[in-house]
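The values are calculated or read from the model by the stated rules, or taken from the named source; none is laboratory data. Quick caveat: nothing in here was measured; it's all calculated off a predicted structure. Reconstructed Cβ throughout: ideal geometry from the backbone, glycine too, with neighbour counts over all protein chains shown.
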Amino acid sequence: MSDQPDPSPVTAPYDALLLLSFGGPEGPDDVVPFLENVTRGRGIPRERLEEVGRHYFLFGGVSPINEQNRELLGAIRRDFADHGLDLPVHWGNRNWAPFLTDTLRDMAQAGHRRILTFATSAYASYSGCRQYRENLAEALAALDAEGLPLPRVDKIRHYFNHPGFVTPMVDATLAALAELPEDVRAGAHLAFTTHSVPTASADTSGPPEEHGDGGAYVAEHLDVARLIVERVRDETGTDHPWRLVYQSRSGPPHIPWLEPDIGDHLEELHASGAPAAVMVPIGFVSDHMEVKYDLDTEAVAKAAELGLPVSRASTVGADPRFVAGIRELVLERAAAERGAAVERCALGRLGPGHDVCPVGCCPGRVPLPAAAGADSPWAP
């Protein structure tokens, strides 16, 4: 018998929420070990990792992501309490403390048996969804080897088109436009940025029926970008030119990745006579290192070199509307698990995503077990 109380009726069958994120170093001594965790199995020499880690050292060896996750964790807990949801919220990372396996072990030992996972990645892709599911499977296998009772772990659907994510991004884009000089504001181009991935990975993102040129990964980002452009036009009366661009490429040059890079795009805008640009990082949930360095440092420096006025929209972070959206997604999934009819909130053209990742969704190069999907070893 577990000492854990029965789940709240509105969140049943779930008895806990897991906030699952990437993790980041919290001091100079953490940087290389963190990067070793991120690149484990790829055979990258330590000297190369030290070179890659130079942008962390510019910030004192501290990634903003863990502190931002602490803020989000606290905001979720307060929101749940304010709305009468008695659902414990725990936090685990893929690549740095608190490590996912440790957190899941603590949850299992505390008696949690139905866990819902919220990952800080809004879109379909291998690195943004399937890899998190593989990490969950690896953690569950470790608990199984320790003889612990295994909880059932599910994952909240992709939320790129949920109003709780889109609406704060619209307001952030409007605020960034307002930061530009008035004489260039109306002609500013919107550069919607997200993490570049290998084109082969993008093409196989999402369910098999969505595989193709760019797959679900590109389609979902384009849908969000269109939504923001339309809302900005409604608010300002201006139809800003826009493009989806990419950043933070980390792979070898001989492997094709999604393009154009944000730096190359800024050069193209300047050459075409664009008066200004707003960078809108729709691919990211918080202002972590890939936003602070790749955009606020490298891209801003490139724009200054070109003489192109730029501003950058903030990410959703712990915006109360985003936090409320997380609560709505939890209640939606809980109701669906109880067999209730649910209204799945989604904006744009694509509609709400699947609750359970189907077989063949966002495959990796090497087949590995993944939790919270139709192909999970622990599928009900």
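Results for (1) part of a helix (DSSP H, G or I); (2) aliphatic (A, V, I, L, M); (3) touching a Ser or Thr at 6+ places or on another chain (Cβ under 6 Å); (4) closer than 28 Å to Ala216 by Cβ, shown as yes or no for each residue.
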site: Asp234; (1), (2), (3), (4): yes, no, no, yes
site: Asp239; (1), (2), (3), (4): no, no, no, yes
site: Gly251; (1), (2), (3), (4): no, no, no, yes
site: Ile255; (1), (2), (3), (4): no, yes, no, yes
site: His265; (1), (2), (3), (4): yes, no, no, yes
site: Thr297; (1), (2), (3), (4): yes, no, no, no
site: Lys302; (1), (2), (3), (4): yes, no, no, no
Going residue by residue through segment 368-377, is there one that turns out to be under 19 Å from the mean Cα position of the chain (by Cα), surrounded by 17 or more Cβ atoms within 10 Å (Cβ to Cβ) and under 19 Å from Ala219 (Cα atoms)? no
If only one of Arg78, Arg105 is within 22 Å of Asp154 (Cα to Cα), assigned to a helix (DSSP H, G or I) and out of contact with any His (no Cβ under 6 Å at 6 or more places or on another chain), which one is it? Arg105
So if I check each of Ala371, Ala346, Ala299, Ala303, which one is more than 26 Å from Arg226 (Cβ to Cβ), at pLDDT 95 or above and not assigned by TED's automatic domain parsing to the domain that holds Arg133? Ala371
Considering Asp213, Asp154, which residue is buried (at least 22 other Cβ atoms within 10 Å of the Cβ) and over 22 Å from Gln68 (Cα atoms)? Asp154
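This table checks each residue for (1) under 20 Å from Gly128 (Cβ atoms); (2) among the aliphatic types (A, V, I, L, M).
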| residue | (1), (2) |
| --- | --- |
| Val310 | no, yes |
| Arg321 | no, no |
| Arg327 | no, no |
| Leu331 | no, yes |
| Gly339 | no, no |
| Gly351 | yes, no |
| Val366 | yes, yes |
| Asp375 | yes, no |
In the set Val316, Val323, Val330, which member is buried (at least 19 other Cβ atoms within 10 Å of the Cβ) and in a loop (DSSP other than H, G, I, E, B)? Val316
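Yes/no per residue for (1) surrounded by 19 or more Cβ atoms within 10 Å (Cβ to Cβ); (2) closer than 25 Å to Gly317 by Cβ; (3) out of contact with any Cys (no Cβ under 9 Å at 6 or more places or on another chain); (4) of a type in the set (Ser, Thr, Tyr):
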site	(1), (2), (3), (4)
Asp106	no, no, yes, no
Gly111	no, no, yes, no
Leu116	yes, yes, yes, no
Thr120	yes, yes, yes, yes
Leu136	yes, yes, yes, no
If I ask for residues that are assigned to a helix (DSSP H, G or I) and either touching a strand residue (DSSP E or B) at 6+ places or on another chain (Cβ under 7 Å) or touching a residue at least 60 places away in the same chain (Cβ under 8 Å) (or both), which ones from segment 81-101 would you list? Leu100
Does Arg48 count as at pLDDT below 90 and not in a helix (DSSP H, G or I)? no
Does at least one position in segment 263-283 carry a residue that is under 30 Å from Gly373 (Cβ atoms), touching a residue at least 24 places away in the same chain (Cβ under 8 Å) and either touching a Lys or Arg at 6+ places or on another chain (Cβ under 9 Å) or among the charged types (D, E, K, R) (or both)? yes
